[in-house]
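Got a structure for you, questions after.
The values are calculated or read from the model by the stated rules, or taken from the named source; none is laboratory data. Only a predicted model underlies this, so the values are computations on that prediction, with no experimental measurement involved. Using ideal geometry, Cβ is built from the backbone for each residue, glycine included, and neighbour counts are taken over all protein chains shown. Each accessible area value is taken on the protein alone, full model and side chains, heavy atoms only, with ligands, DNA and RNA left out. Shrake-Rupley method; radii C 1.70, N 1.55, O 1.52, S 1.80 Å.
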Amino acid sequence: MCAEKTQPLEYARPLRAQPVRPMALVGIAVVAVFSGAVLGVLTNAVNGAVSPTYFINVMGWQSVTNVWFTTIMQGAFEGTAIGFLFSAILTTTIGIISGATCSFALGLRWLGFIVAGIFALWIVGGFSGMALASLNPNAFRTTFVGVSGDRAQMLRYAWVGGSIWGAEFGGFAAIMVGLILFRIKWRKMLLQQTGQVSRVRSTLRTIPSPPKPLHSPNAASIPSISNPPKSGTVTSMPSHPQHHLASYTPSRTSR
């Protein structure tokens, strides 16, 4: 009997070390800058349509003919500038936490989470500004510059100012929280990987070795079943160090 070589189970194979992916970090950085520009364009396009008065009074665009288009260009410029800073913080932190082994897909996923959080805080800031203006209109008009006396225009003004603050200050908080959660998630992945490797090693240690093939030194002397002994003959069994046995096959007798 030949011994067959056993293969370890697929789930019992140790995990390979993660390769270093510097180009993945470069890709994440480029997408982060682009995300900042897109977010600035979208938010300023909405704000410029909601309250052009805000930008005319705050930015000093009294001589600008197309305020809405200028607002979009301003959003693209500011969003790109903030995107470079955001990209530097994001890619540097992810690279340090992961040892530059984070994949592009994983980094892009967390970038999407952070951008979605910034956009949500932009909306929250806008509604918070409107709530503040509604609760105390007089204090709002005296605190901020160029607020219209009309209630509807004041609420529009409050939306733009509150949303900008929500995107800027809340966006910084979203970046910090997102990176902290990424660190927690990455450490959890490492612990799972370490635990799996430990289980694999313990499994491999407990796998029994294959049984040795049976071997008899006097296998040639054992009579074959295909050639049975003739009747009336005595067949001697192979000698054994401790026993000497014999088998007797009686012959048929006729009556």
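What pairs can you find where one residue is in region 108-119 and under 19 Å from Met23 (Cβ atoms), the other is not in a helix (DSSP H, G or I), and their Cβ atoms are less than 9 Å apart, with a gap of 6+ or different chains?
Trp110/Cys102
Exactly one condition in (1) touching a residue at least 40 places away in the same chain (Cβ under 8 Å); (2) out of contact with any helix residue (DSSP H, G or I) (no Cβ under 7 Å at 6 or more places or on another chain); (3) closer than 16 Å to Gly161 by Cα is not met by Met59; state its number.
Result: Met59 passes all but (1).
Select from region 171-188 the residues that are aromatic (Phe, Trp, Tyr) and touching a residue at least 40 places away in the same chain (Cβ under 8 Å) and list them in ascending order.
Residues satisfying the conditions are Phe182, Trp186.
Now for a separate question. Just to be sure I understand the filter: pairs with C-beta atoms under 6 Å, separated by 6 or more residues or on different chains, first member in region 148-170 and within 13 Å of Ile123 (Cα to Cα), second member aromatic (Phe, Trp, Tyr). Which pairs pass?
Every condition considered, the pairs that remain are Val160/Tyr54; Ser163/Trp122; Gly166/Trp122; Ala167/Trp122.
Would you please name the residue that is nearest to the chain's Cα centre (by Cα), looking only at residues in region 53-90 that are farther than 21 Å from Gly170 by Cβ and polar (S, T, N, Q)?
Only one residue tops the list, namely Thr70.
In addition: Only one of these is within 27 Å of the chain's Cα centre (by Cα) and at pLDDT below 90: Thr194, Thr203. Name it.
Answer to the selection: Thr194.
Now, a different point. Out of all the residues in region 122-137, which are open to solvent by less than 60 Å² (accessible area, probe 1.4 Å), of a type outside the set (Phe, Trp, Tyr) and in contact (Cβ under 8 Å) with a residue 40 or more places away in the chain?
Ile123, Gly125, Gly126
Moving on. Taking Gly48 as the residue in question, decide whether it is of a type in the set (Gly, Ala, Ser) and more than 28 Å from Leu181 (Cβ to Cβ).
For Gly48, the condition - of a type in the set (Gly, Ala, Ser) and more than 28 Å from Leu181 (Cβ to Cβ) - is met.
Please work out which residue is least open to solvent (accessible area, probe 1.4 Å), limiting yourself to region 50-82 and to residues that are assigned to a loop (DSSP other than H, G, I, E, B) and among the β-branched types (Val, Ile, Thr).
Here the residue is Val64.
Exactly one condition in (1) open to solvent by 30 Å² or more (accessible area, probe 1.4 Å); (2) in contact (Cβ under 8 Å) with a residue 12 or more places away in the chain; (3) over 26 Å from Gln153 (Cα atoms) is false for Leu85; which is it?
Leu85 satisfies all of (1) open to solvent by 30 Å² or more (accessible area, probe 1.4 Å); (2) in contact (Cβ under 8 Å) with a residue 12 or more places away in the chain; (3) over 26 Å from Gln153 (Cα atoms) except (2).
Based on this model, can you work out whether Phe140 counts as of a type outside the set (A, V, I, L, M), open to solvent by 20 Å² or more (accessible area, probe 1.4 Å) and either closer than 23 Å to Val46 by Cα or not in a helix (DSSP H, G or I) (or both)?
no
With Ala100, Ala116 as the choices, which residue is part of a helix (DSSP H, G or I) and not aromatic (Phe, Trp, Tyr)?
Among Ala100, Ala116, only Ala116 is part of a helix (DSSP H, G or I) and not aromatic (Phe, Trp, Tyr).
May I pose another question? Being closer than 14 Å to Leu121 by Cα and either open to solvent by 70 Å² or more (accessible area, probe 1.4 Å) or modelled with pLDDT under 85 (or both) is the filter here; which residues of region 177-191 pass it?
Result: Val177, single match.
Tally up the residues in region 143-160 that are assigned to a helix (DSSP H, G or I), open to solvent by 80 Å² or more (accessible area, probe 1.4 Å) and either farther than 25 Å from Phe172 by Cα or of a type outside the set (Ser, Thr, Tyr) (or both), please.
2
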